[in-house]
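Read the figures in this text as sums done on the coordinates, not as results from a lab. Given the structure is predicted, the values throughout are model-derived calculations rather than measurements. In this analysis, Cβ positions are derived from the backbone assuming ideal geometry, glycine residues included, and neighbour counts consider all displayed protein chains.
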Amino acid sequence: MNPIAIYTLTSALHDPQAVAVLTEEFLSTLSITYDWKGDDYSDFGEHDLNLIYVRTGGTEGIFQRLLPQLVTKSDKPFYLLASDKSNSLAASMEILSYLQQHGLQGKILHGNAEYVSERISLLSKVETARKRLQHCRLGIIGEPSDWLISSHVDADIVHQKLGVKLVSIPMKELFETLEQTPEQTVEEKSDIPAIQAALSMATRIYAALKSMIQKHDLQGFTLRCFDLLDTIHNTGCWALAKLNAEGYVAGCEGDVPTMLTMMTVRTLLGTSGFQCNPASINPETGEILFAHCTIPFDMVQHYELDTHYESGIGVGIRGHVQEGPVTILKLSGDLSRYFIAEGELVQNQANPNLCRTQLLVRLKDPKQAEYFLTHPIGNHHVVTIGHHASALNTLWKRNTPKNLML
């Protein structure tokens, strides 16, 4: 089934043959593929994106009569496709006004062919991602780290608004799984004996976590990773880097809002996100140095193995990312607000007194740096490659109305 479906509204006062010609003319200019439904609304709402093509004026009453059955089939906004012929736009405006009077969301898609095609493609991508999120199961392995005092999440709200199921898993289960996990073949090499020795347990942690993903049918998880330091004298950094690169979401420190943010990146963009925190900010230039001890392997050009910064043990990752466009984002735990900013990665750094992967980003709008100093959503944020503010904003704004893009 094509993710896009087109339904129609047509007044009986218009000549059917003339309408058919104008319809073919109009749709042939759009660079999209779709399932044509015409005036058969029996499966309305079943496609990811359901477009209502208002072909002529005089269709407002038809829509009014259809609306009660349509709202029972879908809770998505109504997207009205309007051409510049046959009073299509005027009728669409009346319909949209009626929807808003009744507390329903909608939008008119109108403009030149390139603009409308781009909007439809974006909306299709967003609605497909929203559908995928509704089938996600994300694990919380251990409680969130003690220092994440502002990152509480209500699992019921997350399920209600995003459809994501949060699964609590005690750290005890990971340790028990580790005990049952045999030694793994270590393919990584390091010239530092302590790191080479630590790689054996790092690969076992990876295997144990992957086993738990399969056991609980998870698409991702966040791990209370600092508990590994005292218990098995190692870190989860290498395992998380590898699992993210394999298409799972694997977050640090039991940070659930950051995990949800990373899951958004994965479902919408099909790429990994780098969980990190600002180490320094220049409010005048908009330059921010982001750092953490792990980064998805599929985000880097190359990487080096080091110890975990805070503890000096285990295996940490110093990743080098291609300089160029990036997006910084964060979704709050109560889903009441979010932040998105576009920028440029200008330099990879290697300061010995910081977490191992260090990315210096210059924001496109330096004023957005103030957000981090005045009303940040916790300390962790997510960096992903490319400029994606429009798509992310379109996805989040329905359930999370307060946008902190400034």
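Summary of values
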quantity: Where labels lie 7 Å past Cα in the beta-carbon direction, separation of ASP146 and GLU118 in nm; calculated: 5.1 nm
quantity: Rounded to 10°, Cα long-axis angle of helix 60-73 versus longest principal axis of the chain; calculated: 30 degrees
quantity: Among ASP191, ASP298, ASP43, residue whose mean-square fluctuation peaks in a GNM of the chain (springs only between Cα atoms under 10 Å); calculated: ASP191
quantity: Radius of gyration and Dmax over the Cα atoms of region 137-207, both given in Å; calculated: 17.0, 50
quantity: Net dipole in debye of region 197-249 [+1 Lys, Arg Cβ; -1 Asp, Glu Cβ; about Cα centre; nearest 20]; calculated: 100 debye
quantity: Nearest-ten-degree value, helix 113-133 long axis tilted from longest Cα axis of the chain; calculated: 50 degrees
quantity: Selected from HIS308, THR327, TYR53, residue furthest toward positive end of dipole (the chain; charges at beta carbon); calculated: TYR53
quantity: Region 276-334 versus region 243-269: alpha-carbon centroid distance in Å; calculated: 14 Å
quantity: Shape call, region 288-406: gyration tensor on alpha carbons, a/c limit 1.5; calculated: prolate
quantity: Full-stretch length increase - GLN349, HIS375 - with 0.36 nm per residue and alpha-carbon distance subtracted; calculated: 6.7 nm
quantity: Segment ARG398-ASP334, extension gain: residue separation times 0.36 nm, minus the distance between their alpha carbons; calculated: 21.6 nm
quantity: Local electrostatic count at ARG362 - Lys and Arg +1, Asp and Glu -1, tallied over other residues with Cβ under 10 Å; calculated: -1
quantity: Potential lengthening between PHE175 and LYS161 on full extension [0.36 nm per residue; Cα-Cα distance subtracted]; calculated: 1.8 nm
quantity: Listed peptides 46-55, 60-69 by packing density, highest first (mean Cβ within 10 Å); calculated: 46-55, 60-69
quantity: Net +/- balance of residues flanking GLU253 in space, Cβ distance below 13 Å, scoring K and R +1, D and E -1; calculated: -4
quantity: Anisotropy class of region 1-127 from Cα gyration tensor, a/c 1.5 cut; calculated: rounded
quantity: Alpha-carbon centroids, region 178-202 and region 50-94: separation in whole Å; calculated: 61 Å
quantity: With Cα atoms, 0 to 90° folded angle of helix 171-180 axis to the chain main axis; calculated: 70 degrees
quantity: Among beta bridges that DSSP assigns inside the chain, antiparallel share in %, nearest 5; calculated: 55 percent
